[in-house]
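Okay, so here's the structure we're looking at.
The values are calculated or read from the model by the stated rules, or taken from the named source; none is laboratory data. Just so it is clear, the structure is predicted and the values come from calculations on it, not from any experiment. Here Cβ is always computed from backbone atoms with ideal geometry, including for glycine, and neighbour counts include all displayed protein chains. Just so you know, the surface numbers come from the protein's heavy atoms only, side chains and all, with ligands and any DNA or RNA stripped out. Shrake-Rupley method; radii C 1.70, N 1.55, O 1.52, S 1.80 Å.
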Amino acid sequence: MSDSRLLYDGFLDSVARFPDHGALHVDGEELSYATLHDDARRIAAVINGEAAPTSPALVAIFAYRSRAAYAGVLGALLSGHGYVPLNRTFPTERTRAMLTRSGCSAIVVDAASGEQLGELLEGVAAPMTLIFPEEPHSAELEAKWRPHVAVGARDYAVPQDWAPRRVTDDDLAYLLFTSGSTGVPKGVMVAQRNVIAFVDVMTARYGVNETDRFSQMFDMTFDLSVFDMFVAWSAGACLCCPPKDALMRPGQFINDQKLTVWFSVPSVVVFMQRFRMLEPGAYPSLRLSLFCGEPLPVDSAVAWQAATPAAILENLYGPTELTIACTCYRWDGERSAAEAEMDLVPIGYPYPDMTPLIVDDELAEVAPGAEGELLMTGPQVTLGYFNDPEKTAAAFVTPPGRDAVYYRTGDRVRKPLGDGPITFLGRVDFQVKIGGYRVELGEIEAVVRRSGNFAGVVAVPWPVSASGADGIEVFVEGEKPEGLAGVQKQVSRHLPFYMVPRKWHFVAQFPLNSNGKVDRGALQASLRKDR
Ligand code: AMP
């Protein structure tokens, strides 16, 4: 195996340098680097000792904001596997499809997620290794989960000769599923070297050190969580994970935990503005505030900056396929409002090793000042979609006259004039952001169509906001069927909560535009008239 640096190396360096420092604050307790390492080693040793090998080497993490969740991620990596985060707050059927498609033979489960495990494993034919980090091993545990192999890891003895497994930097660090326009989520394969490139840029840029305390607002199924975990752990800092109910009181969490580094989607700022949580000077401990995942409105940046007088504020941009983020823009109270377009903070400048290309429909570069689709190449371009060469070929392309693979982001941006920042203008397709979650309207439409046997279905983001949308409403062509409630139930079993249509509208015929296509704008405008 290669000598390349792997994602866990930064964590192991911190274990050696700061064994007694806090590494993780979760569920009301603060775990030191030594303790978290101990948990993770145990899980890794179980995986290496008990789980059947798979190719690619992947382990699922069915755990949510718990000690076991973080130890599970580290354990998977130390055992030489990439991790596949699964979220118990999402519908089980969708999660089961991710589990089976990823081909994992082992799954780490925390106590609270254990209640849903039986349902998750219904119909999973191949016996899996179930790892329960919080439970001691027992005959009852084994009997309960047969024919799967259940292992309690709390008292698992790590063999004397066990050591972290080295893999190559082309191996997967994680496989993350994201909304797919044809109704099936796509698994983005992110290699070790992709994440290392990202983490290196971030630790250098922000001078992170062992006194920092990071927020963890993101669930693990959102790749922005990787920044929090691995930038913090590679510098000996502490990752502070709010429990689900504290997510509604982010301001209190910042002050209680004396956070120094904040990272969230801009929707959190909008939420805090609405509930008057952004009084000037409210959060003096923060030295760095980062936003990513959806457009950052200028007024949100202004309000946040006033509440965090000591903090540098940056807008980061990037899709999962380009490993977390690949451009950034530093907010400047004097200059930035003038550089904004559509009242959105620019997405800024590419990371040092990433190269943007802004193109027209034929993939030819547009002139400075013109709009186009943003393509990017560089070390953070991921390996494509798992077991889906067709979608990979469509999105990871070599434009005419170039010799590198670029990812087509689907984002419409303006190519800067001179050395100005790149500005974000919208999408070229039907992807939207709802509270920061990436949503393909096509996925919702496919599920609704299938569930009700409908011919024409259009999903519309509504109500819309500066940074995306708050929810979804759906239009169906035809008569409202009897048994609609049953169809709606079926839909909510297949879509995560933020994608479930809040309202259904039945129309005799869809309006068409001059090209004969369904006029989505007119459908959305009809909602405006309704209210
Ligand atoms: P995800 O893969 O879930 O991270 O979503 C990636 C998409 O989110 C991008 O392609 C953009 O459409 C959007 N996005 C991410 N960051 C920003 C940003 N700072 N400004 C505008 N849109 C963003």
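Taking Thr35, Thr320 and ordering them by how much accessible surface each has at a 1.4 Å probe, largest first, produces Thr35, Thr320.
What is the chain's relative contact order, in percent, from Cα pairs under 8 angstrom and six or more apart in sequence? Answer for the chain is 12 percent. Between Ala310 and His505, the modelled label-to-label distance comes to 5.0 nm, taking each label 7 Å out from Cα in the direction of the beta carbon. Estimated from helical segments only, the mean residue ellipticity of the chain at 222 nm is -9000 deg cm²/dmol, where each DSSP H run of four or more residues counts as -39500 (n - 2.57).
Taking the 1.4 Å solvent-accessible surface of the stretch 257-361 as the whole, the part contributed by carbon and sulfur is 55%. Give the range of the longest stretch in the chain that excludes all GluC sites (Glu not before Pro) found in loop regions by DSSP and having at most 11 other beta-carbon atoms within 10 Å. In short, 123-333. For Ile422, the accessible area of its heavy atoms, probed at 1.4 Å with every protein chain present, is near 10 square angstrom. Solvent-accessible area per residue in the stretch 248-335 equals 36 Å², computed with a 1.4 angstrom probe and all protein chains kept. The mean sequence separation of alpha-carbon pairs under 8 Å and at least six residues apart, normalised by the residue count of the stretch 286-427, gives a relative contact order of 21 percent.
Under 18 Å from a point 7 Å along the Cα-to-Cβ line of Met248: which residues of the stretch 498-527 have their amide N that close? What the label zone holds, given the 18 Å backbone N cut-off, is 498.
From the alpha carbon centroid of the stretch 372-436 to that of the stretch 104-180 is 35 Å. Sort the stretch 119-198 into rounded, prolate or oblate with this rule: let a ≥ b ≥ c be the square roots of the eigenvalues of the Cα gyration tensor; rounded if a/c is under 1.5, and if a/c is not under 1.5, prolate when a/b is larger than b/c, oblate otherwise. Because a/c hits 1.5 or more and a/b fails to exceed b/c, the stretch 119-198 counts as oblate. Taking a ≥ b ≥ c as the square roots of the eigenvalues of the alpha-carbon gyration tensor, the stretch 367-439 is classed oblate because a/c is 1.5 or more while a/b is no larger than b/c. In this structure Val265 has an accessible area near 10 Å², from a 1.4 Å probe over the protein heavy atoms.
Keeping all protein chains in place and using 1.4 angstrom, which order do Thr92, Thr355 fall into by accessible surface area, from largest down?
Ranking Thr92, Thr355 by accessible area, largest first, yields Thr355, Thr92.
Below 12 angstrom from the Cβ of Val428, what's the summed charge of the other residues (Lys, Arg +1; Asp, Glu -1)? So the surrounding residues net to -3. Once all protein chains are placed together, Trp331 keeps about 30 Å² accessible to a 1.4 angstrom probe.
Accessible surface ranking for Ser514, Ser138, 1.4 angstrom probe, highest first: Ser514, Ser138. When a/c reaches 1.5 or more, the comparison of a/b and b/c decides; with that in mind, is the stretch 24-157 rounded, prolate or oblate per its Cα gyration tensor? In terms of gyration-tensor shape, rounded.
With distances taken between every two different alpha-carbon atoms, the chain has a Kirkwood hydrodynamic radius of 24.2 Å. As a length-normalised measure over Cα pairs under 8 Å and 6 or more apart, the relative contact order of the stretch 282-341 settles at 34 percent.
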